[in-house]
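Structure first, commentary second.
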Amino acid sequence: GAVVSQHPSWVICKSGTSVKIECRSLDFQATTMFWYRQFPKQSLMLMATSNEGSKATYEQGVEKDKFLINHASLTLSTLTVTSAHPEDSSFYICSAWGSGQGTGSYTFGSGTRLTVV
Amino acid sequence: QKEVEQDPGPLSVPEGAIVSLNCTYSNSAFQYFMWYRQYSRKGPELLMYTYSSGNKEDGRFTAQVDKSSKYISLFIRDSQPSDSATYLCAMVPAGNTGKLIFGQGTTLQVKP
């Protein structure tokens, strides 16, 4: 089945630094990538949607200058948390939808737990 | 009012019990319905997806959709401790390959 590899699985960084999270589709072309954020015991909150080669579309309330998304190829999308602060600590998950996959086949990465100290 | 409502639980059942998980929704445009299982500190894993009203069975799992009532269910038969996880319902409008709308998730614990 379709696999999305997400790295790193966890990261601790100092306040003010930037962190990059990668998601790679291993056996399909991810034309659309969704980035979610999840707080403990809460559901997934969509942050942004990116289509390959286009600028990402951010959900209301999500700072696009803080959460930089790049989707330069059909197999790789990155989320960079810039100038991270403790309130950015969260679980970040990507989800890919691609050619050859029908609806209902959104494939999720394994998530990245970010802790900003 | 949230577009998708799901009781967060937690729900605790003995091993072997039948589990019923439910979601209600308000948007009649939703056509595709999914259930995901999420273990702690992991990404969601697709369990079932259905299109329109009716039942769909896969092993111990049965997904049910009642569009007239805007209500979906996931039944787990012969529940196992390994089923302990958070279950999320998700929906997509017809013709839309865009974002999933998630329920809050129900935490399930199956006790041996």
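Observations on the structure shown:
- Condition met for A:V62 (within 30 Å of B:T106 (Cβ to Cβ), outside any loop (DSSP other than H, G, I, E, B) and more than 11 Å from chain B (Cβ to nearest Cβ)): no
- Residue in the stretch A:24-41 that is at pLDDT below 95, within 12 Å of chain B (Cβ to nearest Cβ) and more than 28 Å from B:P93 (Cβ to Cβ) present: yes
- If you go through the stretch A:1-43 and keep only what is aromatic (F, W, Y) and open to solvent by 50 Å² or more (accessible area, probe 1.4 Å), you end up with A:W10, A:F39.
- Here the stretch A:44-59 is the region considered, the condition is being open to solvent by less than 50 Å² (accessible area, probe 1.4 Å) and hydroxyl-bearing (S, T, Y), and the residue that is farthest from the other protein chains (Cβ to nearest Cβ) is A:S50.
- With respect to the stated conditions, A:S77 is open to solvent by less than 10 Å² (accessible area, probe 1.4 Å) and more than 14 Å from every other protein chain (Cβ to nearest Cβ).
- Looking at B:D66, B:D58, B:D78, just one residue is of a type in the set (D, E) and within 14 Å of chain A (Cβ to nearest Cβ), and that residue is B:D58.
- Filtered residue count, the stretch B:1-39, keeping only those that are over 23 Å from B:V92 (Cα atoms), open to solvent by 50 Å² or more (accessible area, probe 1.4 Å) and assigned to a strand (DSSP E or B): 3
- Residue tally, condition within 11 Å of chain B (Cβ to nearest Cβ) and modelled with pLDDT of 90 or more, over the stretch A:1-23: 6
- Of everything listed in (1) within 28 Å of B:G105 (Cα to Cα); (2) away from chain B (no Cβ under 11 Å); (3) without any contact (Cβ under 8 Å) to a residue 24 or more places away in the chain, the single unmet condition for A:A72 is (1).
- Matching residues, the stretch B:40-59, being open to solvent by 20 Å² or more (accessible area, probe 1.4 Å), more than 14 Å from the chain's Cα centre (by Cα) and on the phi < 0 side of the Ramachandran plot: B:S40, B:K42, B:S53
- Residue count, the stretch A:10-30 (criterion: assigned to a loop (DSSP other than H, G, I, E, B) and among the charged types (D, E, K, R)): 2
The values are calculated or read from the model by the stated rules, or taken from the named source; none is laboratory data. Predicted model only: the values in this text are computed from it and were never measured. Please note: Cβ atoms are built from the backbone with ideal geometry, for glycine as well, and neighbour counts cover all protein chains shown. Side chains are part of the model used for accessible areas, which takes the heavy atoms of the whole protein and leaves out ligands, DNA and RNA. Shrake-Rupley method; radii C 1.70, N 1.55, O 1.52, S 1.80 Å.
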